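All of the numbers you see were taken from the coordinates with simple rules; none came from a lab. Remember, it's a predicted structure, so these values are computed and weren't measured experimentally. Glycine also receives a Cβ, built like all others from the backbone with ideal geometry; neighbour counts cover every protein chain displayed.
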Amino acid sequence: MISAPASRLFLPLRNIMETLGAIAVLTSRTVVSALRPPYAYGAEFAQQFLFTMRLAWLPMIVASIAFTYGPAGIQAANFLNLFGSLDRLGGAFLLLVVREFAPVVCSIVMAGVAGTAITADLGARKIREELDALMVLGVDPIKNLVVPRFLALMIATGLFNIYAVIFGTFGGMLVTLTNGQPLGPFWATYFNNATTTELWGSLLKTVCFGAIIAIVCCYKGLTAKGGAAGVGRAVNQAVVIAFMADGVFNYVFTQTLLATHPEMSVVR
């Protein structure tokens, strides 16, 4: 009489652990398949990469400007105006955009645009039993479907990080001009705080975001069940899990980077 309620109580925890284990197994299989020859996924990789770039470039630009100009830029400018130090806005934007906003915007856009497309595509193939047919024919779905999407999303997310940094900084320029200030002090404090560590840390974080999104979305697509409604549920779950995983990784990565490079904590 006690075991049944106890099993129902721990059932969500068990499901979470099983999901994490399955995602870890898929990650290891994907990395091994990507490194092990033959490399027959070139055409699929190019197609997925171009599809991702074409799908996400406009939302990336709009989100980068909107996030930095609105909630970050205007509020930061109002706060700095209280102390008469609006010239420090450039340094603040370097920390905001390069360290956090650019990777987070890339994560949001790529998960919401490209990740959902990946989950829906693989989920539809799973429902139509195309993946089972490929396995019967001796075609490995991991190498031919997951690996090209994994590599395409990693590279595209890393490239979009450059987009997000450029247009996020453009949002800071708009804030400066809106407040009637010259751009000279903005750029001076911006480049005083710019370091190669900030840049490569932002790029590496964003590439890892893309890898996490790709693995989670591919996993949910490959395990979709229950017809069209099941594909819809898989898409929703993939986005939620990807956001949560990226948030946890962002915290761990940022704390590790700051601990190994304490000079980044000093604002110049």
Open item on the list: Can you order the peptides 58-65, 24-31, 103-110, 197-204 by their average number of other Cβ atoms within 10 Å per residue, highest first?
Closed with: 103-110, 58-65, 197-204, 24-31
Task: Spin-label model distance (nm) - I142 vs W200, 7 Å beyond Cα toward Cβ - done: 3.1 nm
Task: Global form of the stretch 56-258, assessed from the alpha-carbon gyration tensor, a/c cut-off 1.5 - done: prolate
Task: Residue among G138, G221, G230 with the largest mean-square fluctuation in a Gaussian network model of the chain, springs linking Cα atoms under 10 Å - done: G138
TODO: Report the label-to-label distance for V32 and Y251 in nanometres (one decimal), using points 7 Å from each Cα along the Cα→Cβ vector.
DONE: 3.2 nm
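Once whole DSSP H runs in the chain are found, which of them have Cα atoms spread over 15 Å or more along the helix axis and a mean Kyte-Doolittle score of at least 0.5?
Qualifying helices, which must be both long enough and hydrophobic enough, are 3-35, 42-67, 147-178, 196-222, 227-260.
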Open item on the list: On a straight-distance basis, which lysines could pair with K205 in a cross-link, Cα separation under 27 angstrom, same-chain partners fewer than 8 positions away excluded?
Closed with: K143, K220
